[in-house]
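The values are calculated or read from the model by the stated rules, or taken from the named source; none is laboratory data. What you see is a predicted model, and the numbers here were worked out from it, not measured in a lab. Cβ placement follows ideal geometry from the backbone for every residue including glycine, while neighbour counts extend to all protein chains displayed.
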Amino acid sequence: MFTSEKWVTSKWTKETKGKRATDIILMSSFWNHVVYILKVMDPLTRVLRLVDNKNKSAMRYIYEVMDRAKETIKRSFNENKKKYEKIFTIIDERWNCQLHRSLHAAGYYLNHEFFYTIKSVGFDAEVLDGLYQCVTRLVSSLEMQDKIIRELSLYKNAEGLFGIPMTVRTRTTTSLGINNLR
């Protein structure tokens, strides 16, 4: 637009604000900043769309979606830490004060779509801590808490209902569409 005949011949090119706008738009550093912002905001916008979905709960996906968003950002900067570390600091601050909840961790742990395909889920101390906090908070009976923890071995080892062919087949068919974050 700022190099078109229509703009060059317009009255705006003679005014101070028009000249300044033209100078800014034609600077390569402006477009470098635009590219930087797009590399960061596209994955984060996808996270926000998922979290703001009123039709399906995103609780069991929030851990994985944030991880994928950060991985996407990291890859978009060719894993050059200097280019994304400030952004990660901001993301982590928001994550810790607004999104990081034990209920999200429990949802992630109990999401069979990830538990059986991402082996680290079952061993992540933060996720396990969230799961145990939820059990403690939601179930007052110590006897029932102990029973739940014992029953988790069925889940971990894909035994009982967790191991039947139908359950195994449908582990990855309940996605909310988070695969488009990659």
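Numerical summary
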{"quantity": "Residue match in segment 169-181 (condition: in a helix (DSSP H, G or I), farther than 16 Å from Tyr61 by Cβ and not assigned by TED's automatic domain parsing to the domain that holds Arg68)", "calculated": "yes"}
{"quantity": "Some residue of segment 121-131 being crowded, with 16+ Cβ neighbours inside 10 Å and aromatic (Phe, Trp, Tyr)", "calculated": "no"}
{"quantity": "Lone unmet requirement of (1) surrounded by 15 or more Cβ atoms within 10 Å (Cβ to Cβ); (2) under 29 Å from Val139 (Cβ atoms); (3) in contact with a Leu (Cβ under 8 Å, 6 or more places away or on another chain); (4) outside the structural domain of Thr167 (by TED's automatic domain parsing) for Trp95", "calculated": "(3)"}
{"quantity": "Single residue of segment 132-147 satisfying the filter (aliphatic (A, V, I, L, M) and part of a helix (DSSP H, G or I)) that is farthest from Tyr109 (Cα to Cα)", "calculated": "Leu142"}
